[in-house]
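The structure appears right after this line, and notes come after that.
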C-alpha cells in the first residue's frame, strides 16, 4: 500500500469510528508504531485530523467527515466520565443534576461539555444542573451512529458488571 492509500484508509477508519485512540488504530490497520505515528502526524499537519486528550489517551477525529457537534459528542461517548454524564442526561430526558460533593469527579467533564456548547450548565446551592443544548439532535446522532460506539458500550458494561 502506498502512503496515499494508507492515509485514505486511516481517514476512512477514523471517519467511520471517530475518537479511536492510537493502539486501537494500530490494531485495526496493522501498521507498525513508527509508520502509524508518521501518517497520523502528516494527516494532522495537512489539517485532515484533529486530536483531543482523554486522560492518558489521545483520540483522533476526522475534520473531513462529520460536524464539530458530532466530534464533540463522539469524544464524550468514548470518555468514561463523558459516558456517565451523557447517560444521566439521557435518563433525565435531556436534563440532569450533579451534586458537587458526590459527583466531584464529573464536574470538570460538565465544564468541558459546557465549553464545547453541548450543555447549558447552571448551579443552585451545591447542585450543578446540566441540560443538553439540542437534545433531539443529540438523540438523532446517537440513533444514527450507535454501531460506531459499540466498543465504548461494551467497555461500559464490563466496567459496570465485570469483576471489580
Quote to one decimal, in nm, the extra length available between residue 108 and residue 122 on full extension: 0.36 nm per residue of separation minus the C-alpha distance between them. 3.7 nm
Any chance you could give the angle, 0 to 90 degrees and rounded to 10, that helix 68-78 forms with the longest Cα principal axis of the chain? 80 degrees
Simple spin-label estimate for residue 46/residue 99, 7 Å along Cα→Cβ, in nm, reads 5.3 nm
In degrees between 0 and 90, to the nearest 10, how far off the longest principal axis of the chain does helix 80-91 point, with axes built from Cα atoms? 50 degrees
In degrees from 0 to 90, rounded to the nearest 10, what is the angle of the helix 3-16 Cα long axis to the longest principal axis of the chain? 20 degrees
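Which of 133, 85 comes first, and how do the rest follow, when ranked by fewest Cβ neighbours within 10 Å?
Values: 133 15, 85 23.
Going from least to most buried by this count: 133, 85.
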Okay, helix-only estimate at 222 nm for the chain: each DSSP H run of n ≥ 4 adds -39500 (n - 2.57), divide by all residues, round to 500 deg cm²/dmol; what do you get? -17500 deg cm²/dmol
Over the Cα atoms of the chain, Rg to Rh with Kirkwood Rh, two decimal places? 1.01
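Could you put 109, 51 in order, starting from the residue whose Cβ has the fewest other Cβ atoms within 10 Å?
Fewest-to-most Cβ neighbours within 10 Å comes out as 51, 109.
As an exercise, use a Förster radius of 35 Å and the Cβ-Cβ distance of residue 135 and residue 26 to find the FRET efficiency, rounded to the nearest 0.05. Provide the component values of the computation, followed by the final result.
Numbers: r = 36 Å, r/R0 = 1.02.
For residue 135 and residue 26, the calculated efficiency is 0.45.
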Rounded, prolate or oblate: which fits segment 3-62, taking a ≥ b ≥ c as square roots of the Cα gyration tensor eigenvalues, rounded meaning a/c under 1.5, else prolate when a/b beats b/c? rounded
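Using R₀ = 22 Å, calculate the FRET efficiency as 1/(1 + (r/R₀)^6) where r is the Cβ-Cβ separation of residue 143 and residue 68; round to 0.05. Walk me through the intermediate numbers first.
Working: r = 20 Å, r/R0 = 0.89.
Here the calculated transfer efficiency is 0.65.
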Sorted by mean Cβ packing within 10 Å, highest first, what order do the peptides 76-82, 118-124 take? 76-82, 118-124
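None of the figures in this text is laboratory data; all of them are computed from the coordinates on show. All values derive from a computational prediction rather than experimental measurement. Heads up, the Cβs are rebuilt from the backbone with ideal geometry, glycines too, and the neighbour counts pull from every protein chain shown.
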